[in-house]
1. Using a Gaussian network model on the chain with a 10 Å cutoff between Cα atoms, which of 53, 205, 69 fluctuates the most?
2. Kirkwood hydrodynamic radius, the chain, all distinct C-alpha pairs: what's the number in Å?
3. Work out Dmax and Rg for the range 30-103 from the C-alpha atoms and quote the Rg first, both in angstrom.
4. How many percent of DSSP beta bridges within the chain run antiparallel, rounded to 5?
5. Expressed as an acute angle from 0 to 90° and rounded to the nearest 10, what is the orientation of the C-alpha long axis of helix 204-214 relative to the principal long axis of the chain?
6. Can you put 111, 165 in order of Cβ neighbours within 10 angstrom, beginning with the fewest?
7. Convex hull volume of the Cα atoms in the range 67-124, per residue, in Å³?
8. So what is log10(I(q)/I(0)) for the range 154-223 at q = 0.12, 0.16 1/Å, when the Debye sum runs over its Cα atoms only?
Amino acid sequence: MTTLLVLAAIAAWLYHRHTQRPTPGAGASAEARARQLRTPAVRIAQAIGIPTQRGQEAGRYAVAAEAEQRTADRIDPLRREGWTILHDLALPTGRANVDHLAISPSGVVVMPDTKRWSGRYRVRTRGGRLFHGDHDVTARLNGLRHEARTISRVLRVPVIPLVVMDGAPIEGGELTFDGIRIVPAERVPAVLRSIGSARTSRDAQALVRLATSNFPPYTRKHR
């Protein structure tokens, strides 16, 4: 009983400490959700080796947060080349978050979306559907389309969605499904440079101002 009381006290302290105002940045909202799910009861269960549904869900969010941070580490250096790179943004309505938003010096707007899928299965297309192994994952791109449409409506320019695949191999190295390009995570800087090299008549700084005023950090909007 004494051991359980000590574990409960430690778990409660950790829960209070880690649910206080998360720092905005790549993966912040996923990490915040993982911390919320790891309640004192979940932490005690983990400490004594009892798996829980909430603990498993927290683990998935934590893995997603790490993947988003890896993408950020890959694309943040583009800032030295004049790009604006934003992470973990809130849309004007709803509770969806945007993993990353990249605006090139010429005003090309790209929305990289990090997907952390198991490396045991290949991503491929078959019969007009997207599969991860034998699992039909076509619907998993619906949110990405919605986010890109919303950003495009606010910025009043086309927004290019880009899936950054962290973990799962892609058949053929990369593929395009229903107009959405899916690329390995390690190739995303080169892909962004290629997409962003297009010349436009857009005012990149005006787009940056619109983006930062309309899409705040998710963890600040949804505290």
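Throughout, read-outs are computed from the coordinates displayed, never taken from laboratory work. Here the structure is a predicted model, which is why all the values come from computation and not from measurement. Glycine also receives a Cβ, built like all others from the backbone with ideal geometry; neighbour counts cover every protein chain displayed.
1. Greatest mean-square fluctuation among the candidates belongs to 53.
2. Taking the inverse mean of 1/r over all distinct Cα pairs, the chain comes out at 18.9 Å.
3. When restricted to Cα atoms, the range 30-103 yields Rg and Dmax of 16.0, 50 Å.
4. For the chain, the DSSP antiparallel bridge percentage is about 60.
5. Taking Cα atoms only, the helix is inclined about 30 degrees.
6. So the ranking, lowest neighbour count to highest, is 111, 165.
7. So the per-residue Cα hull volume is 121 Å³.
8. These q points yield log10 I(q)/I(0) values of -0.48, -0.79.
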